[in-house]
Amino acid sequence: MTVSDKPYVEPLDAREASFWDATDEARELLNEERFKDALVELRRVITETSDNGYAYFYTGSAFYEIGELDASRDAYRACLARMPKHLGARIAYSHVLRQLGSHRDALKVGLAALSQAPGDGDALHAVGLAYHSRGDMTSARRYLDAFLETNPELEAQLEVRTLLATMTAVDDFRDKHTRDD
């Protein structure tokens, strides 16, 4: 999963800008895929400024990368408690909830992200995957097709096109084998 790095939709004020700047070292460590070192740095930042939403966002990203989904979920939730408009955290939170099996909550959070940023490709992707995980293939197709219309990165396009093709093959198989002959 690629976690969106979208900060606030609104311009950062001086306090938010200082919070952003405080995560510089951690973001560099994350870019270098030094996730455990990034977590140490982020713990330091959070200890100094516990209301730094960006530090929680990147903590969620680091935990996700090392496979600690429960901790990732909690960090994204903490980010949103401090920065309710952080779109990237909302989208990442939806993905993690889905992967943890909380499909209903993943859909709710994904739809909130889409409401916050109508037409956003990452939000459409999260909602489409949440619908898929719930077994609502009609809605999943609608949102995943809309996601593809946003011209996402190649890797995400291929993932979604493969999922859609698999869904179509399953439907075709089901149709073929449930007909009354």
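The values are calculated or read from the model by the stated rules, or taken from the named source; none is laboratory data. Keep in mind the model is a prediction, meaning the values are calculated, not measured. Counting neighbours? That spans all protein chains shown, and the Cβs are built from the backbone with ideal geometry, glycine included.
For the reader, a short list of remarks on this structure follows.
- Residue within region 80-91 that is more than 24 Å from Arg15 (Cβ to Cβ) and out of contact with any Ser or Thr (no Cβ under 6 Å at 6 or more places or on another chain) present: no
- When Leu87, Leu154 are checked against the criterion of being surrounded by 15 or more Cβ atoms within 10 Å (Cβ to Cβ) and modelled with pLDDT of 95 or more, a single residue qualifies: Leu87.
- Looking only at region 157-181, residues that are at pLDDT 80 or above and either among the aromatic types (Phe, Trp, Tyr) or over 17 Å from the mean Cα position of the chain (by Cα) (or both) come to 10 in all.
- Check on Asp74, within 25 Å of Thr168 (Cα to Cα) and part of a helix (DSSP H, G or I): no
- Members of region 77-106 found to be in a loop (DSSP other than H, G, I, E, B), more than 25 Å from Gly135 (Cβ to Cβ) and in contact with a Leu (Cβ under 8 Å, 6 or more places away or on another chain), listed by number: His86
- Condition check for Asp120: under 25 Å from Arg15 (Cα atoms) and in contact (Cβ under 8 Å) with a residue 24 or more places away in the chain: no
- Residue, surrounded by the most Cβ atoms within 10 Å (Cβ to Cβ), within region 107-143, restricted to residues that are part of a loop (DSSP other than H, G, I, E, B) and touching a Lys or Arg at 6+ places or on another chain (Cβ under 9 Å): Asp120
- Screening Ser61 with (1) crowded, with 23+ Cβ neighbours inside 10 Å; (2) small (Gly, Ala, Ser); (3) on the phi > 0 side of the Ramachandran plot gives one miss only, at (3).
- For Arg90, the stated conditions do not hold, so it cannot be described as outside the structural domain of Ser133 (by TED's automatic domain parsing) and over 10 Å from the mean Cα position of the chain (by Cα).
- Neighbours by Cβ (under 6 Å, 6+ apart or cross-chain): first from region 87-110, closer than 21 Å to Tyr58 by Cβ; second outside any helix (DSSP H, G or I): Leu87/Lys6; Leu87/Ala117; Gly88/Ser4; Gly88/Asp5; Gly88/Lys6; Ile91/Ser4; Ala92/Val3; His95/Met1
- The set of residues from region 144-162 being charged (D, E, K, R) and part of a loop (DSSP other than H, G, I, E, B) comprises Glu149, Glu153.
- Yes/no for Arg43 being buried (at least 24 other Cβ atoms within 10 Å of the Cβ), without any contact (Cβ under 8 Å) to a residue 40 or more places away in the chain and assigned to a helix (DSSP H, G or I): no
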